[in-house]
Every structure is written in structure tokens, then in C-alpha cells.
Amino acid sequence: MSEVHVINHPLVQHKLTMIRDKETGPKDFRDLVDEVSVLMAYEVTRDMPLEEREVETPMGKMKGRVIAGKKIGIVPILRAGLGMVAGILRLIPTAKVGHIGVYRDPETLLPVEYYCKLPVDVEERSIIVIDPMLATGGSAAAAIGYLKEKGVSSIKLMCLVAAPEGIDLIQREHPDVDIYIAAVDEKLNSHGYIVPGLGDAGDRLFGTK
């Protein structure tokens, strides 16, 4: 069973509350999502393996530690996931970015793929799938499924807020994928939106309705 990591660092929780506030406009919303993404990425990458490397400081030679193992890939689920990319890239500038477009059918609430563009070496990378909201879980589960079809074996899911229903679906369909979130909210409403949530993350990021 996959693990659920709730990142309750005070800075993350403070900024998440500001993100939730309906009075927060698109510019501040984007900035806050970007900042929280950086902070959360520290935790998502905490178990990256290290190896020794010798370097020479101005005072002499020493053995330090650098990241070893698989390279990193970031895959935002379009379109709201785009708001989290820049923050992670500031922390891991060598990461490659793929994109998966999935929309939720308003009638069935099931995911429909409309776009998929991934790095050519995606199967060799540790992938972080990002989306601000884990609501029904359908879009994230579908995106993870597409990655597995491409041969990816190391996947983590990073979201700002999640509903219990979305967590349950990911754990059932992808028990090998750990989930990193800033908060577990109460429930989904009848339209499949997280309550209390933060509204439509895509609309709030890009100023659309």
C-alpha cells in the first residue's frame, strides 16, 4: 500500500491557507502555489540517493556527497499542474518536463486523455506527477497509468490538497505510488469538487472561469 505523506511544515500550512482564501487574486495565487511547490519538493526528494565525490575547496580537497541514481522527471497534469512546475525546476533545474492532458467528463466524472508528451528517456527517470488537486483521483490515476505503460517504474504523486476519495482511488489502483500532499480535506461535493478545497485551481491560476 502506498504511503500518504502530509507535509505540515508551518510555512506550507501558512501559504496553503492564503491559497485557499477566495480573495487571493491570480497573481498572488500563482506566486503562492509556486512557493509551496518549492517547499514540498524538499520533502518529495528527501530519499534521493547520494554518492561521494571528491572536490577541492579553496582550503583543500574533501569528499562531499552529490545526488546519485535515477534522473528526475516532472509531469504536470494539464492545466493546473503547470502552476507547480517552475518552483520544482528551481530546486531541480536538470529535471525534464513532460505533460499529460486529462480532463474530467462533467457527466461521468471519468478522465479523458487529450494530450501526452513525455521525455524520450522517461522510463529511465524517477517521475513526480504534479497537480494541485486530488479530487476523485481519476485524472491522476489515469496519468500514472499512462506513465507505467511507457515503462516508468518510479513514480510519486504531489498535490496541494486531496479528498479522501482521491487518496483511496490512487491507493487501490497504484499501491506502489506514494502521495505527497499539504492537506487532506473533508470530502467531495456532488459535482466532484473538494470541500473546503480551494476552488478550481486552473481558473484561479490563469484568471479564467
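The values are calculated or read from the model by the stated rules, or taken from the named source; none is laboratory data. Nothing here was measured: the structure is a model prediction, and the numbers come from that model. Ideal geometry is used to build each Cβ from the backbone, glycine not excepted, and the neighbour counts take in all protein chains shown. Surface accessibility is based on the protein's heavy atoms, side chains included, excluding ligands, DNA and RNA. Shrake-Rupley method; radii C 1.70, N 1.55, O 1.52, S 1.80 Å.
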- Among the residues of the stretch 1-57, which ones are of a type in the set (S, T, N, Q), over 19 Å from the mean Cα position of the chain (by Cα) and surrounded by 12 or more Cβ atoms within 10 Å (Cβ to Cβ)? 24
- Restricting the first residue to the stretch 9-25 and requiring it to be over 12 Å from residue 183 (Cα atoms), which pairs with a second residue that is open to solvent by 70 Å² or more (accessible area, probe 1.4 Å) and of a type outside the set (S, T, N, Q) meet a Cβ separation below 7 Å and a spacing of at least six or different chains? 24/18
- Message: I'm told residue 78 meets every condition in (1) open to solvent by 50 Å² or more (accessible area, probe 1.4 Å); (2) at pLDDT below 95; (3) touching a strand residue (DSSP E or B) at 6+ places or on another chain (Cβ under 7 Å) except one. Can you identify the failing condition by its number?
- Response: (1)
- Note on the structure: Of (1) modelled with pLDDT of 95 or more; (2) hydrophobic (A, V, I, L, M, F, W, C); (3) open to solvent by less than 40 Å² (accessible area, probe 1.4 Å), residue 72 fails just (1)
- Item | Restricting the stretch 164-199 to residues that are of a type in the set (Gly, Ala, Ser) and more than 15 Å from the chain's Cα centre (by Cα), the residue that is modelled with the highest pLDDT | 197
- Among the residues of the stretch 1-50, write down those that are assigned to a loop (DSSP other than H, G, I, E, B), at pLDDT below 95 and hydrophobic (A, V, I, L, M, F, W, C). 1, 48
- Query: When the stretch 51-73 is examined, which residues are found to be in a strand (DSSP E or B) and either among the hydrophobic types (A, V, I, L, M, F, W, C) or in contact with a helix residue (DSSP H, G or I) (Cβ under 9 Å, 6 or more places away or on another chain) (or both)?
  - Reply: 55, 62, 66, 67, 71, 72, 73
- Number of the condition not met by residue 87 [criteria: (1) of a type outside the set (Val, Ile, Thr); (2) modelled with pLDDT under 90; (3) surrounded by 18 or more Cβ atoms within 10 Å (Cβ to Cβ)]: (2)
- Note on the structure: Of all helices (runs of 4 or more DSSP H) fully inside the stretch 136-209, the set with 1 or more residues that are over 22 Å from residue 101 (Cβ atoms) is 164-173
- Item | Residues that are under 20 Å from residue 9 (Cβ atoms) and open to solvent by less than 20 Å² (accessible area, probe 1.4 Å), drawn from the stretch 168-184 | 179, 180, 181, 182, 183
- Message: For the stretch 96-135, which positions are surrounded by 21 or more Cβ atoms within 10 Å (Cβ to Cβ), within 13 Å of the chain's Cα centre (by Cα) and part of a strand (DSSP E or B)?
- Response: 100, 127, 128, 129, 130, 133, 134
- Query: For residue 156, which of the numbered conditions (1) within 22 Å of residue 204 (Cα to Cα); (2) modelled with pLDDT of 95 or more; (3) of a type in the set (Lys, Arg) fails to hold?
  - Reply: (1)
